[in-house]
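Have a look at the structure below before the remarks.
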Amino acid sequence: MRNPNLQPADPMNDDIQLAWSFNRPWVSSREPEEQPVYAVVRLTPNPALTQQSVNVNLALVLDTSGSMHNFQLTDEQKRYWLAIAEARGEVSVGYADGQVTRFWRGQTLQEIQRIARKPITLAAEAIRGLMARLSPGDTVSLTAFATGAELLFPKPFSFEGPAEMESALQQMESGQLIPTLGSGTRMAGAIELAREQLQRSGPLNAVKRMIVVSDGMVEDREETLNNFERVKDDNIRVTTIGVGDAFDEEFLTKVADNCQGEYHYLTHADQIAQTLAEEFAVLKATVVRNIEVAFAARNDATLVDVHQCLPSFRTIEEMWVEGDWTRVRVGDLSVGQSIGLILEIAPATLREGEHTVITVRVGWDPCGPTAAFSPQRNEMERSLKLIYTREQQLLETKNHEVEDLIDRFFVYRAEREAARAQQRGDLATASERLRHATRILRRLGEPQLAREFETQAAALESNAALDPSRVKGLKAKTRRLGQRQTA
């Protein structure tokens with residue numbers, strides 16, 4: 001398992017610090033444990049590392065399908081303007097993203113434009129704001145997709161300047177792309193264009209990231225997932241942003257999980273600017289890249305499972321087993337961030353005393369100023385030890401902070417199990433898992449989120465139509481439930 005090219009860790013000077021806690025620090029030396037022990041392993045940047053600004057190579061992939069050109073109107077506003085437009089003969093009905101859509105014209109269109117905005121306009125403004133934050137070493141590309149896909153910026157053999165980006169944004173914003181790209185939502189071609197652009201542009205030491213913004217249901221799901229596999233193999237992280245109520249949140253969360261990125265649910269397109277700014281700030285503060293963590297069970301213990309809990313709960317679908325070691329990829333680490341992993345462990349019964357149950361090995365690539373002094377991959381190794389005892393009072397001792405985090409993970413897992421059951425048509429199991437999450441949330445002191453889960457369960461039990469915004473909101477909130485302030 002050990003790579004001879006890896007450098008041994010220096011505990012005083014590592015880019016990464018590793019800490020861990022057990023939910024039960026003491027286990028029985030007399031009889032087998034009936035319940036698993038949970039360990040939370042946390043990776044944080046060394047406090048000695050100050051905020052830095054690395055080069056970023058960013059690929060923006062933007063949905064420009066017909067729905068992105070619809071005005072954001074309330075139901076009351078829609079009824080008001082529809083009555084006026086029909087009286088003037090300035091509205092027609094067509095299809096965009098497989099849905100019935102109204103197309104406004106004439107004086108009605110001009111009047112609506114004074115009070116309402118289109119998602120495509122808000123997205124263009126968000127990109128303009130992002131461009132203003134770029135440093136000289138940063139690189140950005142823009143790929144638009146609908147039924148087709150096109151790299152809008154930079155054009156092949158063109159000068160990469162602000163004027164050309166502005167021209168691309170105006171072309172996208174005005175609807176000029178609709179005749180050539182269509183009005184559907186086929187993402188695969190855009191992902192490949194963006195991946196190729198990331199590979200041929202930007203400094204070699206730049207932090208690469210793809211950010212995908214969509215408000216519709218992807219029509220070429222399997223082909224798109226295959227293209228994301230190539231993105232992942234190139235060590236490119238992917239952040240997905242779903243806007244509104246008509247996109248496939250299961251698809252976008254799956255992409256983010258597989259590519260070690262983040263998933264964001266935005267109820268309105270005016271939130272795109274803030275989300276892009278936050279993502280870009282995290283990228284610029286990257287200190288460690290391509291982190292892999294490997295675990296080996298010791299002293300007859302069993303590593304049952306591994307889950308990610310920070311910066312958000314994430315299903316780890318890929319693990320590599322090499323001899324005694326189980327290895328997972330967890331992405332990059334920035335100043336001010338933490339990466340947390342939950343280990344589910346079944347310890348063996350051992351004599352009294354302290355015993356290693358898991359060995360943890362972390363490998364990473366340095367980034368930014370530290371990479372100039374240590375360009376090769378680094379590694380650290382630590383031993384996680386439990387204390388075996390016969391004293392009942394010690395055996396009843398629990399780490400309440402870890403217990404709280406594990407309970408929050410159980411809420412996330414219950415939501416995931418409910419979603420899968422619902423996809424199978426097993427509404428009874430889906431409702432039961434949501435009710436289970438409700439009970440945990442009330443115990444955690446999260447009454448508002450508990451009520452949302454309860455409402456969702458009641459809707460399933462009565463076969464009522466599900467509120468898409470609530471479905472998406474529950475998924476987004478439970479993913480970040482490990483960060484208590486976002487619960």
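Some notes on this structure:
- Residue check, residue 429 free of Cβ contacts under 8 Å to residues at least 24 places away in the same chain, surrounded by 13 or more Cβ atoms within 10 Å (Cβ to Cβ), within 26 Å of the chain's Cα centre (by Cα) and in the same structural domain as residue 411 (by TED's automatic domain parsing): no
- Screening the stretch 278-317 for residues that are among the charged types (D, E, K, R) and in contact with a strand residue (DSSP E or B) (Cβ under 7 Å, 6 or more places away or on another chain) and picking the one that is nearest to residue 414 (Cα to Cα) gives 314.
- For residue 470, the requirement of being in contact with a Ser or Thr (Cβ under 8 Å, 6 or more places away or on another chain), assigned to a helix (DSSP H, G or I) and buried (at least 16 other Cβ atoms within 10 Å of the Cβ) is not met.
Okay, residues lined up against (1) surrounded by fewer than 23 Cβ atoms within 10 Å (Cβ to Cβ); (2) of a type outside the set (A, V, I, L, M):
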position: 196; (1), (2): yes, yes
position: 205; (1), (2): yes, yes
position: 211; (1), (2): no, no
position: 217; (1), (2): yes, no
position: 258; (1), (2): yes, yes
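- When 305, 332 are screened for being assigned to a strand (DSSP E or B), surrounded by fewer than 17 Cβ atoms within 10 Å (Cβ to Cβ) and of a type outside the set (S, T, N, Q), only 305 passes.
- Where a residue in the stretch 20-32 is in contact (Cβ under 8 Å) with a residue 24 or more places away in the chain and closer than 9 Å to residue 402 by Cβ and its partner, wherever it lies, is in a loop (DSSP other than H, G, I, E, B) and among the basic types (Lys, Arg), with Cβ under 7 Å and at least six apart: 23/398; 24/398
- Subset of the stretch 288-333 that is in contact with a helix residue (DSSP H, G or I) (Cβ under 7 Å, 6 or more places away or on another chain) and either among the hydroxyl-bearing types (Ser, Thr, Tyr) or closer than 30 Å to residue 125 by Cα (or both) - its residue that is modelled with the highest pLDDT: 312
- Elements of type helices (runs of 4 or more DSSP H) contained in the stretch 141-212, each with 3 or more residues being closer than 15 Å to residue 128 by Cβ: 162-173
- Residue match in the stretch 366-387 (condition: at pLDDT 95 or above and β-branched (Val, Ile, Thr)): yes
- Residue in the stretch 124-141 that is modelled with pLDDT under 90, surrounded by 14 or more Cβ atoms within 10 Å (Cβ to Cβ) and in the same structural domain as residue 217 (by TED's automatic domain parsing) present: yes
The values are calculated or read from the model by the stated rules, or taken from the named source; none is laboratory data. These figures come from a predicted structure and were not determined experimentally. With ideal geometry, Cβ positions are generated from the backbone for all residues, glycine too; neighbour counts draw on all protein chains shown.
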